[in-house]
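First up is the structure itself, then whatever we jot down about it.
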Number of protein chains: 2
Amino acid sequence: MNASFTIEGNLVTESTAGRRRGDDLERAIFEAALAELAEVGYANLRMEAVAARAKAGKASLYKRWPDRARLIQAAARYKATEVDTEFEPSGDLRGDLRKVMRYIAEYQGTPFGEAIRGWIGELRADERDAEVEDLRARIETPRIRVFAKIYEDGIARGTVRPEALRPRVVNLAPTLLTHYFLTRGAPADDAVIEEFLDQIVLPLITAS
Amino acid sequence: MNASFTIEGNLVTESTAGRRRGDDLERAIFEAALAELAEVGYANLRMEAVAARAKAGKASLYKRWPDRARLIQAAARYKATEVDTEFEPSGDLRGDLRKVMRYIAEYQGTPFGEAIRGWIGELRADERDAEVEDLRARIETPRIRVFAKIYEDGIARGTVRPEALRPRVVNLAPTLLTHYFLTRGAPADDAVIEEFLDQIVLPLITAS
DNA sequence: GAGATAGTGAACGGCGCGTCTCGTATACCA
DNA sequence: TGGTATACGAGACGCGCCGTTCACTATCTC
């Protein structure tokens, strides 16, 4: 009925699509899930609402993921792959840290942040599995890499102590941001980030 | 029917109680809620199960709290008042910090920790109110006091930098523990606590 | 074009929520 | 001590959402 060119790269999906299948449909479900997440939050997210928003049947959801938690996990993962931006240190230690921390905080304000809050709420130590671990690693690893790069740059310039590369230290800045986000309900604003830098991160890592 | 002395201080509650009322019943509900929390976790906690365990009617629960979140909040608060132990620094900075941190980690392994995980999952910035804020303060304040005391002691001895008393710094150790607990699903063990001390807390606060 | 595959929409039983009612135990007061 | 008001226990109720199933239909493959 509608213009369905047999092109692999999907451009048709938008307006006049008939019935979507496979990855095409999957993406639509992810987008719907993330939109719902942003609107109502994880606790109030209904599978029926996601299906309706994606104009899909519930069966199509349950065919792919066993429950809400897995769907959101998958959606988060899908969105996460879009984000891993490369970052080049400018040499301005404080400025670089501030920039990356603001970026993380901003990120937490998106549906993605809401997803993290959600699966933390449902998480019990005895229910964790490889997939959950994988998602956690997928979030942590690129962050570690960015901070490590900044610290390495600083060490080379003599402004940062070599101990800054110890794993717990590299993770410190994201840890502060995530803890704030989880316990306060909203990401840290610029003033709070400044306090983290002044009182904790910079005093700890700068060479005396 | 059973021995119901008209004594205010309740000793009768246990074995042969007939029908409990007021605070007496409330305590029983709290204990039931915390027990359920420990067994099935927040996500799987059912009001019906709490009522059944407390041998109470559901109506008795809903008469007191509007929903699950409030019940668990109240239960956590009830238990929190039992805990605020006073702590006297021994002068052994590292030993004192380790001791308090282990205590907090242990605490997170109880139903109380599960309660925290629960209300974090349901938390959205736009839904927060005075009661939630109050509970958060109720948890944070005694911790801050204990760490502040330890740091003040160290400052007096010259082993700790005065900057350790800045608010974000005083909160740092509990922040690390809570973040670990929330993101990993289980409290930090002794080895992790040792890393926090070695890599972060002590380097930051000790006088050079 | 025909068969295979995958999606839609609706209906279903089940469960837990939050409310309500009824009968009964406990507290308060004459 | 007896009578009344209040609070509670047990369970039924309608509702909303879960996760499954079914009949039907669109899309892909050959």
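Exactly one of (1) surrounded by 13 or more Cβ atoms within 10 Å (Cβ to Cβ); (2) at negative phi; (3) within 16 Å of DNA strand C (Cβ to nearest atom) is unmet by residue A:19. Its number?
(1)
Answer yes if at least one residue in the stretch A:123-132 is surrounded by 21 or more Cβ atoms within 10 Å (Cβ to Cβ), touching a Lys or Arg at 6+ places or on another chain (Cβ under 8 Å) and not in a helix (DSSP H, G or I), and no otherwise.
yes
Checking residue B:33 against (1) at pLDDT 95 or above; (2) more than 16 Å from DNA strand C (Cβ to nearest atom); (3) under 15 Å from the mean Cα position of the chain (by Cα): exactly one of these is not met. Which one?
Every listed condition holds for residue B:33 apart from (2).
Could you say whether any residue in the stretch B:147-157 is within 12 Å of chain A (Cβ to nearest Cβ), surrounded by 14 or more Cβ atoms within 10 Å (Cβ to Cβ) and in a helix (DSSP H, G or I)?
Within the stretch B:147-157 (the criterion being within 12 Å of chain A (Cβ to nearest Cβ), surrounded by 14 or more Cβ atoms within 10 Å (Cβ to Cβ) and in a helix (DSSP H, G or I)), the answer is no, since none of the residues qualifies.
Would you be able to tell me the number of residues in the stretch B:186-196 that are more than 18 Å from the chain's Cα centre (by Cα) and either buried (at least 19 other Cβ atoms within 10 Å of the Cβ) or facing chain A (nearest Cβ under 7 Å) (or both)?
3
Picking from A:61, A:71, A:93, which residue would you name as being touching a residue at least 60 places away in the same chain (Cβ under 8 Å) and surrounded by 16 or more Cβ atoms within 10 Å (Cβ to Cβ)?
So the residue among A:61, A:71, A:93 that is touching a residue at least 60 places away in the same chain (Cβ under 8 Å) and surrounded by 16 or more Cβ atoms within 10 Å (Cβ to Cβ) is A:93.
Residue check, residue A:183 against (1) within 12 Å of another protein chain (Cβ to nearest Cβ); (2) in contact (Cβ under 8 Å) with a residue 24 or more places away in the chain, all met but one. Which one?
So the condition that residue A:183 fails would be (2).
The values are calculated or read from the model by the stated rules, or taken from the named source; none is laboratory data. Just so we're clear, the structure is a prediction, and the values are computed from it rather than from any experiment. Positions of Cβ are backbone-derived with ideal geometry, glycine not excepted, and every protein chain shown enters the neighbour counts.
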